[in-house]
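The values are calculated or read from the model by the stated rules, or taken from the named source; none is laboratory data. Bear in mind that the values here come from a model prediction, so they are computed numbers and not experimental data. Neighbour counts run over all protein chains shown; Cβ positions are idealised from the backbone, glycine included.
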Amino acid sequence: MSMPQTDDVRRDPSRSLPGEGRAGAGTPRRTGPGTGRGRRTAGGGARSPTTASRSGVRPPRGARRRARLTAERLAWVHPARSEIEFESRFQLLVAVLLSARSTDRMATRLARELLARYPDPGALAAAEPEEVERILRPIGFFRVKSRALIALAQVLDRRHHGRVPGTMAELLELPGVGRKSANTILGVGFGVPGIIADRHLIRVAGRVRLVHGTDPDLVEAQIRSLLPRSLWTPFSLRTTLHGRYVCLARRPLCERCVLNDFCPSSTTAGLPMEERRRIVMTLARRPPGPSALGPDPTSARDPT
């Protein structure tokens, strides 16, 4: 089944994985800009992106039209899927957490190897950290991730009867899980629409001027306001692929981009509009998926 992130952390495995804000049980959560979490509400929950959108941050002028065009054009060339492969929601959750600061391919492979040895949360909860580290050694931050995954499995085993919960609130209570991971689990594993505000989506959305700023919560809120709910997950998955293979961080491949005739940041802006549209239509005639990006998309993959 195909879908659609420091030194002190090593001493406390309940703290966050690299790239995800998460405080352990009994540890006060940091809030505010840059923490990946909103303010605490009177009821104890984190501020939702819907509430965040009421803070005065509105999408740029013309963003709604550009968002609809972006969603339509990306559907021409990218499948609405994650590059993580999984056979169960637990495997998906493990792979998503392993993918922080790594590739989906590596995360998929190691999640499969880990679950071959520890097939359910109960088995992983009782694992020796050294044994898990041995399996995860090829991936970055393997010691941090090993301890975090054991802590995660213990929570799933104790509180959720070994099942991956299917609500945002419950997922955010799991060690190592932030909004980005939770939206991935919900969208890909449960079919619950959500905006997966990873670094690729944030970069593409900023270049196409769909959003102001780079705070993941505010980016999520702005894009939610631009697109119908049914498009949230497909848009997220396709935009991630586009950022990974075309709209690269260091040198975007605008000459291979189906958005180049309306993207305000396109480096093809000096070309006549007829030429830019010809490029778009040439790309659109190719079959969807990574093959639409050329013979070897991995050679152009964004290394960041």
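The table for this structure:
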| quantity | calculated |
| --- | --- |
| Residue in region 242-256 that is aliphatic (A, V, I, L, M) and in a helix (DSSP H, G or I) present | no |
| Filter result (out of contact with any Phe, Trp or Tyr (no Cβ under 6 Å at 6 or more places or on another chain) and either modelled with pLDDT under 95 or closer than 11 Å to THR239 by Cβ (or both)) within region 179-198 | ILE196, ALA197, ASP198 |
| Selection status of ILE139, in contact with an Asp or Glu (Cβ under 8 Å, 6 or more places away or on another chain), aliphatic (A, V, I, L, M) and over 15 Å from SER181 (Cβ atoms) | no |
| Conditions (1) modelled with pLDDT of 50 or more; (2) over 25 Å from VAL211 (Cα atoms): number failed by ALA292 | (1) |
| Residue check, GLN91 modelled with pLDDT of 95 or more, more than 30 Å from ASP261 (Cβ to Cβ) and among the polar types (S, T, N, Q) | yes |
| Residue list for region 187-201, restricted to those being assigned to a helix (DSSP H, G or I) and either buried (at least 21 other Cβ atoms within 10 Å of the Cβ) or small (Gly, Ala, Ser) (or both) | GLY187, VAL188, GLY189, HIS200, LEU201 |
| Segments classed as helices (runs of 4 or more DSSP H), wholly inside region 74-168, with at least 2 members that are surrounded by fewer than 18 Cβ atoms within 10 Å (Cβ to Cβ) | 104-117, 121-125, 129-136, 142-159 |
